[in-house]
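Undergrad: My questions all concern the structure below.
The values are calculated or read from the model by the stated rules, or taken from the named source; none is laboratory data. Here the structure is a predicted model, which means the values were calculated and not measured. Quick reminder, even Gly has a Cβ in these numbers, built from the backbone with ideal geometry, and neighbours come from all protein chains shown.
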Amino acid sequence: MTDSIRDLLHSVADRAATYLETQDERGVAPSEAAIQRLSELDEALPDAPTAPEKVLAMLDEIGSPATVTTSGRRFFGFVIGGSVPAALAANWMAGVWDQNAGLRVASPIAAKTEDVALAWLLDLLKLPSTAAGAFVTGATMANFTALAAARHAVLSKAGWDVESDGLFGAPNIHVVVGEEAHPTLFRSLSLLGLGHQRVTKVAVDEQGRMRADALPKLSGPTIVCTQAGNVNSGGFDPIGEIVQKAHEAGAWVHVDGAFGLWASATPNRAHLTKGVGEADSWATDAHKWLNVPYDSGLAFVRDPEALRAALRLTAAYLPQSDIREPSQFTPELSRRARGVEVWAALRSMGRSGMADLIERNCRYATRFADGLQAAGYTILNAVVLNQVVVTFGDAEMNKRVIAGIQEDGTCWCGPTVWRGQSAMRISVSSWATTEADVEQSLAAILRVAAGVKVH
């Protein structure tokens with residue numbers, strides 16, 4: 001390694017450390033001045049090379065102030081975690097290695113970390129130990145990947161080879177979802193040619209959980225999509241009951257568990273995922289509750305051959321063997337080594353560390369709900385996990401409170417609509433959040449809400 005590269009990487013490390021050390025001292029959202037400064041990047045492509053140190057200096061000095069500190073301790077928007085230290089460092093190492101994780105021969109270390117992490121994940125999430133797994137970009141592609149296997153399986157059972165013959169003339173596939181299914185599930189269905197308007201939507205209860213008693217009669221090629229962790233309420237479909245009914249009819253059951261699937265990792269929340277392990281496929285995000293860097297999604301399929309058949313890639317120059325070849329289980333051939341970060345996060349936290357992370361986040365969510373309710377505001381969901389949905393009044397009031405909270409900068413929470421009602425959602429997902437952060441954020445929310453109410 002040349003001295004110039006070593007100096008550059010040391011410089012990056014110093015800048016990164018400074019960013020992490022100071023991010024919680026600034027507002028969670030960037031200032032308007034920082035956003036305006038981004039216009040400095042609007043320039044013609046330079047004719048001549050630029051020194052790498054200067055490029056990195058521009059990126060840090062212009063870019064760092066314009067970030068939303070989603071990796072900080074007081075970001076409670078969407079369902080976004082941070083990056084545990086080991087995963088962040090592993091991400092840097094994987095970047096230095098610059099491995100193509102699609103082929104075992106191209107990166108033995110990428111393949112090995114995937115093998116080990118996959119076994120750990122199946123154990124931690126209480127899924128069948130023989131299930132196949134895929135490391136993809138996020139829950140959208142995880143759903144897509146798992147549902148591609150489902151599409152293959154139900155049509156194969158009907159005597160149709162969808163990979164060879166496509167969907168033209170194929171038997172119809174009946175897709176059943178809950179009324180509160182996540183939008184990315186519908187995107188996945190659209191990408192697979194199954195259509196997002198052709199689905200049968202099943203009624204849900206007051207917490208957004210699919211009603212098993214409302215399932216339609218199932219027959220023929222059928223995929224039932226359930227949800228482990230509603231993105232607003234945190235509620236879980238009665239998956240065990242749904243699986244039993246669906247399997248009696250020969251249907252495939254898929255679980256969209258973008259963040260809720262991780263409840264299986266802690267004894268105190270595992271009851272929420274009762275029956276989940278009996279399904280046929282599962283999708284989740286590692287960049288949510290496992291707290292690894294973006295992008296990192298995971299798909300699991302009970303029948304490895306269904307996943308392999310749906311995504312099989314053949315070419316004279318590509319290796320084919322009985323050993324798990326990563327490219328045979330994901331939509332991509334060339335892709336980054338996500339398994340390195342997943343392995344590092346799991347290895348560093350272990351079973352107890354992962355359980356502690358989830359329990360702390362859930363405990364903090366309950367504290368938010370209790371504090372807001374004590375102040376006279378309405379909590380719209382049963383806080384069973386890490387999600388809190390609160391309303392401060394009508395839609396205009398909620399809009400003003402949320403805008404005030406984001407402008408205040410102590411924490412960041414976003415808007416939502418839950419069961420037709422305007423609200424604010426708090427999602428506690430970061431390993432770094434402390435009890436002090438929760439109290440500081442709660443005080444800020446109450447202060448802003450009180451100020452908006454007065455005016």
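Undergrad: Restricting to the stretch 221-257, count the residues that are among the charged types (D, E, K, R) and part of a loop (DSSP other than H, G, I, E, B).
TA: Initially, the stretch 221-257 is screened for residues among the charged types (D, E, K, R), giving 237, 241, 245, 248, 256.
Subset that is part of a loop (DSSP other than H, G, I, E, B): 237.
Adding up the residues that qualify gives 1.
Undergrad: Scan 410, 416 and give me the residue that is modelled with pLDDT of 95 or more, of a type in the set (Val, Ile, Thr) and more than 24 Å from residue 230 (Cα to Cα). Show your work before the answer.
TA: Values: 416 fails: more than 24 Å from residue 230 (Cα to Cα).
Exactly one residue qualifies, and that residue is 410.
Undergrad: Among the numbered criteria (1) more than 30 Å from residue 323 (Cα to Cα); (2) of a type in the set (A, V, I, L, M, F, W, C); (3) out of contact with any Ser or Thr (no Cβ under 7 Å at 6 or more places or on another chain), which single criterion is violated by residue 131?
TA: Single failed check for residue 131: (1).
Undergrad: Could you grab me the full set of residues in the stretch 331-367 that are touching a residue at least 40 places away in the same chain (Cβ under 8 Å) and among the hydroxyl-bearing types (Ser, Thr, Tyr)?
TA: 334, 348, 364
Undergrad: Further question: Return yes when residue 49 is free of Cβ contacts under 8 Å to residues at least 40 places away in the same chain and not acidic (Asp, Glu) and no when it is not.
TA: Numbers: free of Cβ contacts under 8 Å to residues at least 40 places away in the same chain: yes; not acidic (Asp, Glu): yes.
Taking the combined requirement at face value, the residue satisfies it.
Undergrad: If a residue has to be aliphatic (A, V, I, L, M), under 25 Å from residue 188 (Cα atoms) and not in a helix (DSSP H, G or I) to count, how many in the stretch 322-377 make the cut?
TA: First pass over the stretch 322-377, keeping only residues aliphatic (A, V, I, L, M): 323, 333, 337, 340, 342, 344-346, 349, 354-355, 357-358, 365, 369, 372, 374-375.
Of the ones still in play, those that are also under 25 Å from residue 188 (Cα atoms) are 333, 337, 342.
Checking which are not in a helix (DSSP H, G or I) leaves us with 333, 337.
Residues that pass the stated criteria total 2.
Undergrad: OK, next. Considering only the stretch 75-102, state which residues are over 23 Å from residue 8 (Cα atoms), in the same structural domain as residue 183 (by TED's automatic domain parsing) and surrounded by fewer than 21 Cβ atoms within 10 Å (Cβ to Cβ).
TA: Scanning the stretch 75-102 gives a single hit, 100.
Undergrad: Next question, about the same structure. Which of the following residues is in contact with a His (Cβ under 8 Å, 6 or more places away or on another chain) and either in a helix (DSSP H, G or I) or within 30 Å of residue 365 (Cβ to Cβ) (or both): 95, 72, 81?
TA: 81
Undergrad: Looking only at residues that are touching a residue at least 60 places away in the same chain (Cβ under 8 Å) and assigned to a loop (DSSP other than H, G, I, E, B) in the stretch 415-455, which one is surrounded by the fewest Cβ atoms within 10 Å (Cβ to Cβ)?
TA: 434
Undergrad: Would you mind finding the one in 148, 142 that is crowded, with 21+ Cβ neighbours inside 10 Å, touching a Ser or Thr at 6+ places or on another chain (Cβ under 7 Å) and either among the aliphatic types (A, V, I, L, M) or not assigned by TED's automatic domain parsing to the domain that holds residue 182 (or both)?
TA: Working: 148 fails: touching a Ser or Thr at 6+ places or on another chain (Cβ under 7 Å).
Criteria check complete, one pass: 142.
Undergrad: Let me ask something additional. Name, by its number, the condition in (1) in a loop (DSSP other than H, G, I, E, B); (2) in contact (Cβ under 8 Å) with a residue 24 or more places away in the chain; (3) not aromatic (Phe, Trp, Tyr) that does not hold for residue 176.
TA: The one condition residue 176 does not meet is (1).
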